[in-house]
Amino acid sequence: MSKTDATTQRRTVSWVVALSAIALVFDGYDLVVYGTVLPTLLADPGQLGTITPSQAGALGSYALVGVLVGALAAGGLGDRIGRRRIMLINLAWFSIGMGLTALTQSVTAFGLGRFVTGIGVGALVATVGAMVAEFAPPGRRNRLNAIVYSGVPAGGVLAALLALVLTDTIGWRGLFWIGALPIVLVLPLAVVKLPESPKWLASRGRIDQGEPARVGFPALATRTLAWPTLLLGLMSFAGLLLTYGLNTWLPKIMADNGYGKGYSLTFLLVLNLGAIVGGMAASLWADRAGAKRVVATTFVLAAGTLALLPLSLPLGVLLLAVAVAGVGTIGTQVLIYGLVSNYYPTRARAAGVAWCAGFGRLGGIVGPVIGGVLVGAGLGGTTAFYVFAAIAAAAATVTLLVPGSRHADDEAPVVASAAGSPHPA
């Protein structure tokens, strides 16, 4: 690789990482903003109508059904039409969905708005992992992936902070309008600065020339990929169950345990801050020790800290436990995306990430529902935390069963030439 090519590649990687991270900030914002407005919607039927705890859990899941649809659609198209088109379309789609949700006047319309928004979220989450994996230099893949997917908890922090500061001023609808900003703040920049993946272009060239290979979802059914794909999907299912379950119900559970509104939102803030800081540290370890080992360890960490949360701990210790739980749940899901996106060959990478993001979101659907059922039954946070801890422990076992990848480094790095066509580095 020439000096000019190296400089171009570094600049391109920086833009890909920055734009992907910003896109996922709004994914995280969408994830947490519902949890921040949930107490208001439950307490005030004048907003959308009467909502029971079970209905609230279902509403939290509608967006995740949309995410499943969006992720699978992006996986089916991303390996065929490219990563860039998928990202641009769904930055606009997500923003429009958030704006529509802000305008809703009924529970049904609100749920539909959440579903539409989720389609855009799912497509973005499923696509950025493939983009980063195909641009990141070897030896830096986990940390760059962690930077990008840390946009999710960063968006959660943003949602919690804005809810603390602005709810009384702009109301819950204003918080959703903020989520519609990517269409004016991010999309124009992405149109100019976001490139197509040279590895994807190169892989399409090989396929067009007759190289015998299954592309996209059919590749996941091959003998070498079917078993690990199942295990990786189960890991993502558990990680997103924990992520969405805690982000949806932690404020409500802590409020029921005697903490005021300010404290309950502070717990949400600490959970996501812990995920960002701890997830970044864990990604550096993953680049040295391997992502699988680190993911198993952080799942165990989640199991231990979640089991501690129902205890009568001093406030400082409780906040520390919540931060560590953020590392073991949201932070672990960040690492899972890194493991998955680097596990598959280019011809199946978008499909592999989409499968894990889509199937994983089924866990995200189950998480809020579990919380809603337990809270509605009067069992509260103690039982919910123990259930989540058991799921984290089981996920650690599943992680250890994943076989080593035979495909992570099977393609030579490529860079874009001045004319925009890919060539080996």
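When the helix-only estimate is applied to the chain (DSSP H runs of n ≥ 4, each -39,500 (n - 2.57), divided by the residue count), what is the mean residue ellipticity at 222 nm, nearest 500 deg cm²/dmol?
That calculation yields -27500 deg cm²/dmol at 222 nm.
Using a Förster distance of 25 Å, how high is the FRET efficiency between ALA221 and LEU88, based on the Cβ-Cβ distance and rounded to 0.05? Display every interim value, and only then the final one.
Details: r = 29 Å, r/R0 = 1.18.
Efficiency, rounded to the nearest 0.05: 0.25.
Taking the Cα centre of segment 8-404 as the origin, how large is its charge dipole in debye, to the nearest 20, when only Lys and Arg (+1) and Asp and Glu (-1) carry charge on their Cβ atoms?
Details: 25 positive and 11 negative charges, 248 e Å.
Result for segment 8-404 is approximately 1180 debye, rounded to the nearest 20.
Each label point is 7 Å from the Cα along the Cα-to-Cβ direction; what then is the distance between the points at ARG140 and ASP168, in nm?
4.6 nm
Any chance you could give the angle, 0 to 90 degrees and rounded to 10, that helix 107-135 forms with the longest Cα principal axis of the chain?
Approximately 40 degrees, to the nearest ten.
Taking a label point 7 Å from the Cα of ALA281 along the Cα→Cβ vector, which residues of segment 315-343 have an amide N closer than 18 Å to it?
316-336, by backbone N distance to the label point.
Assuming R0 = 56 Å, what is the FRET efficiency of ALA377 and LEU189, from their Cβ-Cβ distance, to the nearest 0.05?
Values: r = 47 Å, r/R0 = 0.85.
It comes to 0.75.
If neighbour count is taken as other Cβ atoms inside 10 Å, put ILE330, ILE96, ILE370 in order from fewest to most. Could you put the intermediate results ahead of the total?
Working: ILE330 32, ILE96 17, ILE370 21.
The most exposed by this proxy come first: ILE96, ILE370, ILE330.
When only C-alpha pairs under 8 Å and at least 6 residues apart count, what is the relative contact order of the chain, in percent? Working shown, then result.
Values: 814 pairs, mean separation 112.9, N = 425.
That works out to 27 percent.
By count of other Cβ within 10 Å, fewest leading, how are TRP177, TRP172 ordered?
Details: TRP177 15, TRP172 20.
By the 10 Å Cβ count, ascending, the order reads TRP177, TRP172.
Which order do the peptides 235-244, 80-89 come out in when sorted by mean C-beta neighbours inside 10 angstrom, highest first?
On the way: 235-244: 28.8, 80-89: 19.0.
Peptide ranking by packing, descending: 235-244, 80-89.
Neighbouring Cβ atoms within 10 Å as the yardstick, rank VAL121, VAL13, VAL67, VAL366 fewest first.
The order, fewest Cβ neighbours first, is VAL13, VAL366, VAL121, VAL67.
Compute the semi-axes of the equivalent ellipsoid of segment 8-404, taking the square root of 5 times each eigenvalue of the Cα gyration tensor, and list them largest first in whole Å. Let's see the in-between values first.
Numbers: eigenvalues 211, 113, 66 Å².
Ellipsoid half-lengths, sorted descending, are 32, 24, 18 Å.
Could you tell me how far the Cα centroid of segment 278-343 sits from the Cα centroid of segment 345-377, in Å?
So the two Cα centres are separated by 18 Å.
At 7 Å along Cα-to-Cβ for each site, give me the label-to-label distance between GLN105 and THR8 in nm.
Using points 7 Å along Cα→Cβ, the separation is 5.5 nm.
By the scheme Lys and Arg +1, Asp and Glu -1, what is the net charge of all other residues having a beta-carbon under 12 Å from that of TRP355?
On the way: positive: ARG349, ARG361; negative: ASP79.
Computed value for this residue: +1.
As I understand it, the dipole of segment 8-404 uses +1 on the Cβ of Lys and Arg and -1 on the Cβ of Asp and Glu, about the Cα centre. Which of PRO403, ILE276, GLY239 lies farthest toward its positive end?
Farthest towards the positive end: PRO403.
Enumerate the calculated ³J(HN,Hα) couplings along segment 138-149 in order (Karplus 6.51 cos²θ - 1.76 cosθ + 1.60, θ = phi - 60°), each rounded to whole Hz, writing x wherever the residue is Gly or Pro.
Rounded to whole hertz, the list is x, x, 10, 5, 5, 6, 5, 4, 5, 4, 5, 6.
Give the residue from LEU250, GLY75, GLY316 lying farthest towards the positive end of the charge dipole for the chain; charges sit on Cβ (+1 for Lys and Arg, -1 for Asp and Glu) and the dipole is referred to the Cα centre.
The residue sitting farthest along the positive end of the dipole is GLY75.
Is segment 1-158 rounded, prolate or oblate when judged by the Cα gyration tensor, a ≥ b ≥ c being the square roots of its eigenvalues, rounded requiring a/c under 1.5 and prolate requiring a/b larger than b/c?
Working: a/c = 3.04, a/b = 2.27, b/c = 1.34.
Prolate, since a/c reaches 1.5 and a/b exceeds b/c.
We did not get these values from a lab; they are worked out from the coordinates using the rules stated. Bear in mind that the values here come from a model prediction, so they are computed numbers and not experimental data. Cβ: placed from backbone, ideal geometry, glycine included. Neighbour counts: every protein chain shown.
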